[in-house]
Amino acid sequence: MTKYLVVLGFMLMTQVTSADDLLGYLTDVNGKYTGPTVEDNIALMDTDKNGFADVLEVRAFLASKHGSEYEKALLDRWEVHSLGGGCPIPFAKEFISDKTN
């Protein structure tokens, strides 16, 4: 049991150290955030240059950063709802499975 606690402690310390490294990378000497802004990320996602990032552009951006399987189930549902696949009528919800809500 002690071995497992020691290993768990080391694993948690590694994650904290990684977070500190990333925070140090994204901040200046005064602790001010210097990483990409929301506007920067939206501009990167907005491939058709219409001023906003739609669901398909966000999905493509996330896939390019994290791989095509990143949050696939969530992004599938989001895409279905954005394309009109969700029904706002209350009595119709019983006909739609919980996987699409």
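Okay, here's what the table says:
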| read-out | value |
| --- | --- |
| 5 angstrom amide H check on residue 27, placed H, neighbours 5+ away | 34 |
| Contour minus Cα-Cα distance for residue 62 and residue 78 (0.36 nm per residue) | 4.4 nm |
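Laboratory data are not the source of any read-out in this text; all were calculated from the coordinates shown. Since we're looking at a predicted model, the values are computed, not measured.
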